[in-house]
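Chemist: What follows is a single structure, and I will ask about it in a moment.
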Amino acid sequence: MNQDILYTIAFTRLTGFNLDTALHLYRELGSGRAIYEHRHNLRDVLPDCSDRLIGALQDWASPLAHAEHELAFVEKHGIRVLCLGDDGYPQRLAECADAPIVLYYMGNADLNQRRVVDIVGTRHCTSYGQDLIRRFVGGLREQCPEVLIVSGLAYGVDICAHRQALACGFETVGVLAHGLDELYPPRHRDTATQMLNHGGLLTEYMSGSFIDKVNFVRRNRIVAGMSDATILVESAAKGGGLITARLAQDYGRNVFAFPGAVGAVYSEGCNNLIRDNGAQLISSAADFVEFMGWQSDTQLAQARHNGIERNCFPDLSAEEKRVVDVLAETNDQQLNVLAVKAGFSVGQLTAMLFQLEMKGVVRPLAGGSYHLLLL
């Protein structure tokens with residue numbers, strides 16, 4: 001049994017979801033086990049630690065028992081426990097001030113893919129909204145074929161986004177507002193089952209958690225935080241999609257919205273957000289890709305479509321061969337490390353790596369690393 005994970009799960013039980021001081025303490029000490037070991041001298045680590053928190057962190061017996069039960073559950077069902085700071089934890093989310101300390105994940109998608117987009121909106125998605133999702137996701141697949149689509153598996157826009165992502169060959173992750181022992185709403189179980197093999201299900205809640213309204217609001221921060229951009233499809237004047245958009249703004253992420261007819265109930269939120277400069281107006285995937293600066297993905301997709309694929313003896317320049325030699329010696333190098341070893345500036349190397357990607361020689365990994373493909 002992984003003791004760090006055990007104590008970290010127990011720590012979340014002790015502090016509930018009071019993230020202000022709990023998250024600060026966890027970031028300072030780095031693990032639940034370290035917090036347990038410092039429970040009698042917490043003010044040495046966090047001088048302004050409250051008496052209430054110090055008192056709460058003295059008795060670990062019951063939380064550890066719950067944590068052991070949870071670890072047995074996740075091991076039985078093939079669920080991964082991702083603690084803040086782990087390699088598999090969504091790194092974009094880790095940057096957020098209110099990141100969950102623990103996530104529970106069932107699926108096969110890399111949560112740190114090069115491109116991650118969330119699509120959100122009303123639970124009362126109209127035929128207009130469904131058509132927007134279909135055209136947007138289809139267009140995005142043509143221009144940026146490697147994007148992780150994230151949403152909340154709820155009625156309306158969420159489930160349409162997940163289903164369209166699956167139909168177009170994207171991986172898609174649903175962020176849940178409850179533990180992985182349940183699925184809400186139950187009628188989305190078939191789609192959720194497909195997602196386990198082409199994406200996954202993610203939550204901050206332990207099994208047996210009570211499904212409360214506030215959970216659905218809290219999970220929106222995970223949807224926004226783990227993504228590069230938020231796409232609002234349809235929304236009334238108030239709604240969860242607007243909360244996600246606001247959170248994305250707070251995190252410094254790009255927010256986009258599709259406009260709708262003046263007076264249309266489920267376009268009012270989008271139109272207002274655009275009017276108030278809270279979102280960039282888009283009408284297609286092409287608009288989105290251009291604004292995000294992801295045209296290189298479009299060029300690469302076109303090159304692949306035209307048959308410019310990796311071959312046995314690619315035509316490499318002397319400079320490109322130097323980069324390949326460095327990666328052949330030690331693969332999966334960070335951009336800045338690779339630049340030093342190959343003797344190029346970061347700007348020069350970035351241009352060369354794009355050309356090598358076009359030739360099918362390398363591919364980018366999450367976190368700014370590059371992987372040499374077999375020649």
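The values are calculated or read from the model by the stated rules, or taken from the named source; none is laboratory data. Keep in mind that this is a model prediction, so the values were computed, not measured. Positions of Cβ are generated from backbone atoms using ideal geometry, with glycine treated the same way; all protein chains shown enter the neighbour counts. Heavy atoms of the whole protein, side chains included, go into the accessibility calculation; ligands, DNA and RNA do not. Shrake-Rupley method; radii C 1.70, N 1.55, O 1.52, S 1.80 Å.
Chemist: Which of the residues that make up region 352-375 are open to solvent by less than 60 Å² (accessible area, probe 1.4 Å) and in a helix (DSSP H, G or I)?
Modeler: Taking region 352-375 first, the residues open to solvent by less than 60 Å² (accessible area, probe 1.4 Å) are 352-354, 356-362, 364-366, 368-373.
Met352, Leu353, Phe354, Leu356, Glu357, Met358, listed by residue number.
Chemist: To continue, here is another question. Mind checking which residues of region 220-265 are touching a His at 6+ places or on another chain (Cβ under 9 Å) and of a type in the set (D, E, K, R)?
Modeler: Of everything in region 220-265, just one residue is touching a His at 6+ places or on another chain (Cβ under 9 Å) and of a type in the set (D, E, K, R), namely Glu234.
Chemist: Kindly indicate whether any position in region 18-34 is part of a loop (DSSP other than H, G, I, E, B) and polar (S, T, N, Q). Full working, then the answer.
Modeler: Of region 18-34, the ones part of a loop (DSSP other than H, G, I, E, B) are 18, 30-31.
Those left that are additionally polar (S, T, N, Q): 18, 31.
Looking through region 18-34, at least one residue is part of a loop (DSSP other than H, G, I, E, B) and polar (S, T, N, Q).
Chemist: Between residues in region 313-342 that are assigned to a loop (DSSP other than H, G, I, E, B) and residues that are open to solvent by less than 60 Å² (accessible area, probe 1.4 Å) and of a type in the set (Asp, Glu), which pairs lie under 9 Å by C-beta distance while being six or more apart or on different chains?
Modeler: Pro314/Glu320
Chemist: Please work out which one of (1) assigned to a helix (DSSP H, G or I); (2) surrounded by fewer than 21 Cβ atoms within 10 Å (Cβ to Cβ); (3) not acidic (Asp, Glu) is the condition Gln113 fails and give its number.
Modeler: Every condition holds for Gln113 apart from (1).
Chemist: Still on this model: What is the residue count in region 58-78 for residues that are touching a residue at least 24 places away in the same chain (Cβ under 8 Å) and within 30 Å of the chain's Cα centre (by Cα)?
Modeler: Of the residues in region 58-78, 11 are touching a residue at least 24 places away in the same chain (Cβ under 8 Å) and within 30 Å of the chain's Cα centre (by Cα).
Chemist: Oh, and also: Could you please find all residues in region 217-239 being farther than 22 Å from Gln164 by Cβ and either touching a residue at least 60 places away in the same chain (Cβ under 8 Å) or hydrophobic (A, V, I, L, M, F, W, C) (or both)? Before you say what the answer is, go through the steps one by one.
Modeler: Of region 217-239, the ones farther than 22 Å from Gln164 by Cβ are 217-218, 221, 225, 237-238.
Selection gives Val217, Arg218, Arg221, Gly225, Ala237.
Chemist: Starting from region 40-57, keep only residues that are open to solvent by 60 Å² or more (accessible area, probe 1.4 Å), then list their pairs with residues that are at pLDDT 85 or above whose Cβ atoms are within a distance under 9 Å, requiring at least 6 positions of separation or different chains.
Modeler: Between residues of region 40-57 that are open to solvent by 60 Å² or more (accessible area, probe 1.4 Å) and residues that are at pLDDT 85 or above, the close pairs are His40/Gln58; Asp44/His38.
Chemist: Just the residues that are open to solvent by 50 Å² or more (accessible area, probe 1.4 Å) and either within 18 Å of Ser127 (Cβ to Cβ) or among the basic types (Lys, Arg) (or both), please, taken from region 263-282.
Modeler: Answer for region 263-282, where residues must be open to solvent by 50 Å² or more (accessible area, probe 1.4 Å) and either within 18 Å of Ser127 (Cβ to Cβ) or among the basic types (Lys, Arg) (or both): Gly263, Val265, Tyr266, Glu268, Arg275.
Chemist: Determine whether region 63-72 contains at least one residue that is assigned to a helix (DSSP H, G or I) and either on the phi > 0 side of the Ramachandran plot or at pLDDT below 90 (or both). Quick ask: steps written out before the conclusion?
Modeler: Going residue by residue through region 63-72, those that are assigned to a helix (DSSP H, G or I) are 63-72.
So of that shortlist, the ones also either on the phi > 0 side of the Ramachandran plot or at pLDDT below 90 (or both) come out as none.
Checking region 63-72: not a single residue is assigned to a helix (DSSP H, G or I) and either on the phi > 0 side of the Ramachandran plot or at pLDDT below 90 (or both).
Chemist: Taking Thr193 as the residue in question, decide whether it is in contact with a strand residue (DSSP E or B) (Cβ under 7 Å, 6 or more places away or on another chain) and either open to solvent by less than 10 Å² (accessible area, probe 1.4 Å) or without any contact (Cβ under 8 Å) to a residue 24 or more places away in the chain (or both).
Modeler: no
Chemist: List the helices (runs of 4 or more DSSP H) that sit entirely inside region 201-304 and contain at least 1 residues that are over 21 Å from the mean Cα position of the chain (by Cα). Before the answer, list the steps.
Modeler: Numbers: elements: 213-225, 240-250, 268-275, 285-292.
Where helices (runs of 4 or more DSSP H) fall fully within region 201-304 and carry at least 1 residues being over 21 Å from the mean Cα position of the chain (by Cα), they are 213-225, 268-275, 285-292.
Chemist: Go through (1) among the acidic types (Asp, Glu); (2) farther than 30 Å from Leu356 by Cα; (3) without any contact (Cβ under 8 Å) to a residue 24 or more places away in the chain for Glu290 and report which single condition fails.
Modeler: Of (1) among the acidic types (Asp, Glu); (2) farther than 30 Å from Leu356 by Cα; (3) without any contact (Cβ under 8 Å) to a residue 24 or more places away in the chain, only one is false for Glu290: (2).
Chemist: Does any residue in region 240-258 that is farther than 16 Å from Val117 by Cβ and modelled with pLDDT under 95 come within less than 8 Å, Cβ to Cβ, of a residue that is of a type in the set (Gly, Ala, Ser) and open to solvent by 30 Å² or more (accessible area, probe 1.4 Å) six or more places away or on a different chain, and which pairs are these?
Modeler: Taking only residues 6 or more apart or on different chains, not a single pair turns up.
Chemist: Write out, first by first residue and then by second, each pair whose Cβ atoms fall under 8 Å of each other, whose residues are 6+ apart or on separate chains, and whose first residue, in region 131-145, is farther than 11 Å from Cys160 by Cβ and polar (S, T, N, Q) while the second is part of a helix (DSSP H, G or I) and open to solvent by less than 40 Å² (accessible area, probe 1.4 Å).
Modeler: Hits for this filter: Gln143/Ala285; Gln143/Val289; Gln143/Asp297; Gln143/Ala301.
Chemist: Is it true that some residue in region 3-18 is more than 17 Å from Met206 (Cα to Cα), in contact (Cβ under 8 Å) with a residue 60 or more places away in the chain and either out of contact with any helix residue (DSSP H, G or I) (no Cβ under 7 Å at 6 or more places or on another chain) or open to solvent by 40 Å² or more (accessible area, probe 1.4 Å) (or both)? Break it down into steps so the answer makes sense when it comes.
Modeler: Taking region 3-18 as the starting set, the residues that turn out to be more than 17 Å from Met206 (Cα to Cα) are 3.
From the residues that got through so far, the ones that are in contact (Cβ under 8 Å) with a residue 60 or more places away in the chain too are none.
The answer is no; no qualifying residue exists.
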